[in-house]
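Student: Submitted below is the structure of interest, expressed as structure tokens.
The values are calculated or read from the model by the stated rules, or taken from the named source; none is laboratory data. Since the model is a prediction, treat every value here as computed from it, not as a measurement. As a convention, Cβ positions derive from the backbone with ideal geometry for all residues, glycine included, and neighbour counts pool all protein chains shown.
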């Protein structure tokens, strides 16, 4: 089985981010179509909060997901992970791949929630923005496959590792 992957970048990032491009390459290699939306318009809208327009991001991803007719996997890093998880509650998805997912957002009352689908998480033990133990507690309640690596929030030293974990998820879904 193959399908479509939507890869969502983090705040202060772009569709050309290293991790997003690495995941897109894996998806393509494994026969999945993919897209990497650009959320910078919403990220730069500070009229709502210092995190930009989170609701605008959510609506945009939800609309993109609605257009997909076959199997869908949502993947994202940080804010991209948060919106991917949230959209999975309203759109049918086969799996989730979350890198450095925030369990909560400052100034945003809704905590991280996600559909009960196959999910893989990669998080840095030294994440300076999202404590690893918060992610561990969240993942534990769901029994999600979670890997902690010796890295910071950006997971810059583990780009290939993230791509390899993503490949495992897509292969498991096949």
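Student: Only one of 82, 97 is closer than 22 Å to residue 33 by Cβ, in contact with a strand residue (DSSP E or B) (Cβ under 8 Å, 6 or more places away or on another chain) and buried (at least 17 other Cβ atoms within 10 Å of the Cβ); which?
Tutor: Numbers: 82 fails: closer than 22 Å to residue 33 by Cβ.
Answer to the selection: 97.
Student: Turning to a different aspect of this structure: Within segment 9-20, is there a residue that is surrounded by fewer than 21 Cβ atoms within 10 Å (Cβ to Cβ), at pLDDT 95 or above, touching a helix residue (DSSP H, G or I) at 6+ places or on another chain (Cβ under 8 Å) and not in a loop (DSSP other than H, G, I, E, B)?
Tutor: Yes: one or more hits.
Student: Oh, and also: Does residue 107 qualify as being within 19 Å of residue 147 (Cβ to Cβ) and surrounded by fewer than 23 Cβ atoms within 10 Å (Cβ to Cβ)? Even if it seems obvious, please write down each step before you answer.
Tutor: On the way: within 19 Å of residue 147 (Cβ to Cβ): no; surrounded by fewer than 23 Cβ atoms within 10 Å (Cβ to Cβ): yes.
Here the answer is no, as residue 107 does not meet what is asked.
Student: So which residues in segment 23-55 are closer than 16 Å to residue 78 by Cα and touching a helix residue (DSSP H, G or I) at 6+ places or on another chain (Cβ under 9 Å), if there are any at all?
Tutor: Residues satisfying the conditions are 23, 36, 37, 39, 42, 43, 51, 52, 53, 54, 55.
Student: To continue, here is another question. What number of residues within segment 136-173 satisfy the criterion of being touching a residue at least 60 places away in the same chain (Cβ under 8 Å), under 15 Å from residue 78 (Cα atoms), out of contact with any helix residue (DSSP H, G or I) (no Cβ under 6 Å at 6 or more places or on another chain) and assigned to a helix (DSSP H, G or I)?
Tutor: Of the residues in segment 136-173, 1 are touching a residue at least 60 places away in the same chain (Cβ under 8 Å), under 15 Å from residue 78 (Cα atoms), out of contact with any helix residue (DSSP H, G or I) (no Cβ under 6 Å at 6 or more places or on another chain) and assigned to a helix (DSSP H, G or I).
Student: Report every pair of residues separated by at least 6 positions or lying on different chains whose Cβ atoms are under 7 Å apart, first residue within segment 99-121 and at positive phi and in contact (Cβ under 8 Å) with a residue 24 or more places away in the chain, second buried (at least 16 other Cβ atoms within 10 Å of the Cβ) and part of a loop (DSSP other than H, G, I, E, B).
Tutor: As it stands, the answer is 100/78; 100/127; 100/130; 100/153; 100/155; 107/51, since those pairs meet every condition given.
Student: Inspect segment 27-39 for any residue being at pLDDT 95 or above and within 23 Å of residue 150 (Cβ to Cβ) and give the result as yes or no.
Tutor: Checking segment 27-39: not a single residue is at pLDDT 95 or above and within 23 Å of residue 150 (Cβ to Cβ).
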